[in-house]
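Only one structure is covered here, and it is reproduced in the block below.
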Amino acid sequence: MRIALGQLLSTYDPPQNLERVADLTRRAGEDSADLLVLPEATMFAFGRALKDVAEPLDGPWGTAVSDLARKHGVAIVAGMFTPGNGERVRNTTVIALPDGTVRGYSKIHLFDAFGFLESDTVDPGEDPVTFVVGGTTVGVATCYDIRFPRLFTRLAHDGALVTVVGASWGDGPGKAEQWELLARARALDTTSYVVAVGQANPLAVGEENPENAPRGVGHSLVAAPDGTVVASLGEAPDYTMVDLDLDLVERTRKSIPVLKNAQEL
């Protein structure tokens, strides 16, 4: 399975962000990727009101992403915002497949940490989501979800050999190191690949973050079922492509069957 990682830096202009998605999708198509993974909040950066930009999956932004998936023959996962209850929104990952199928995953674990309360404006999702690309089942998670192993083991039990994580990981002391550690830990927990793609760090391109919102640290990575890092990026906007050896999942699960051995306590 060939996966493209698009580490971008979202703005407060959804059409401009869509242009970046289009460019990365074109590159992924040229590289014959099966799946392009983009960060949380690809549609619109955190730090400003979300309710005015939220739209259904079949709205203009989600439809444009679906059109790109069909045009270039690449499945796309990208962070956007959909309407919630009342004035609230949902932090949603749009899943656009080349056959025109569009699904969504709404972030289950909201980021109420480090002085930021995502739950002030965002409704949580309830249901884990998997989808299939080229015969491979892929799980979906978003940012703060990566701190909760049970979601990842649930996705693995639901058949996921790969779990993709889009993030807008807030910067701070030790945060980049935690991001890598958590991605590798979830890969070990599930003996699966974890493809963790974050927003680039605004400081890497000379931008300030006056809103003091979770924007990103970069350092997107792919962790293998044995916990090794098989691909990684720096802080700035970037792109890479990696071929996943899915047989390694089976071999690892045979040698250390943690999913089978786990006991409910």
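The values are calculated or read from the model by the stated rules, or taken from the named source; none is laboratory data. Worth saying up front: this structure is predicted, and the values here are computed from it rather than measured. Note that we place each Cβ from the backbone using ideal geometry, even for glycine, and neighbour counts take in every protein chain shown. Note: areas computed on protein heavy atoms with side chains; ligands, DNA, RNA excluded. Shrake-Rupley method; radii C 1.70, N 1.55, O 1.52, S 1.80 Å.
Using the rule -39500 (n - 2.57) for each DSSP H run of four or more residues, divided by the residues of the chain, the 222 nm mean residue ellipticity is -8000 deg cm²/dmol. Take the Cα of Val132, step 7 Å toward its Cβ, do the same at Asp112, and the gap between the two points is 3.8 nm. With R₀ set to 22 Å, the beta-carbon distance separating Asp58 from Arg26 gives a calculated FRET efficiency near 0.45. If R0 is 51 Å, what FRET efficiency do you get for Arg103 and Glu208 from their C-beta distance, rounded to 0.05? According to the calculation, E is roughly 0.90. In loop segments of segment 195-265 as defined by DSSP, the GluC sites (Glu not before Pro) with at most 14 further C-beta atoms inside 10 Å of their C-beta are Glu207, Glu208, Glu211, Glu264. Determine the sum of side-chain charges near Lys254: Lys and Arg each +1, Asp and Glu each -1, restricted to other residues whose C-beta is under 13 angstrom from that of Lys254. Surrounding charge for Lys254 is 0. The portion of the accessible surface of the chain made up by carbon and sulfur, rounded to a whole percent, is 49 (1.4 Å probe; DNA, RNA and ligands excluded). Placing a label point 7 Å from the Cα of Asp226 along the Cα-to-Cβ line, the residues of segment 232-265 whose backbone N sits under 17 Å from it are 243-258. Each residue, Phe148 and Thr11, gets one label point 7 Å from its Cα in the Cβ direction; the gap between the two is 3.4 nm. Our summary gives segment 1-58 a relative contact order of 48 percent, counting only alpha carbon pairs under 8 angstrom and 6 or more residues apart.
If you take Cα extents along the principal axes in Å from the coordinates, which of (i) 49, 41, 37; (ii) 56, 41, 38; (iii) 65, 46, 40 do you get? Read-out from the structure maps to (i).
At 1.567 mPa s and 4 °C, plugging the Kirkwood radius over alpha-carbon pairs of segment 121-238 into Stokes-Einstein gives what diffusion coefficient in µm²/s?
Numbers: Rh = 14.6 Å.
It comes out at roughly 89 µm²/s.
Heavy-atom accessible surface of the chain, averaged per residue, reaches 43 Å², computed with a 1.4 Å probe. Extension gain, Asn261-Ser119: 0.36 nm per intervening residue step, less the Cα-Cα distance, totals 47.6 nm.
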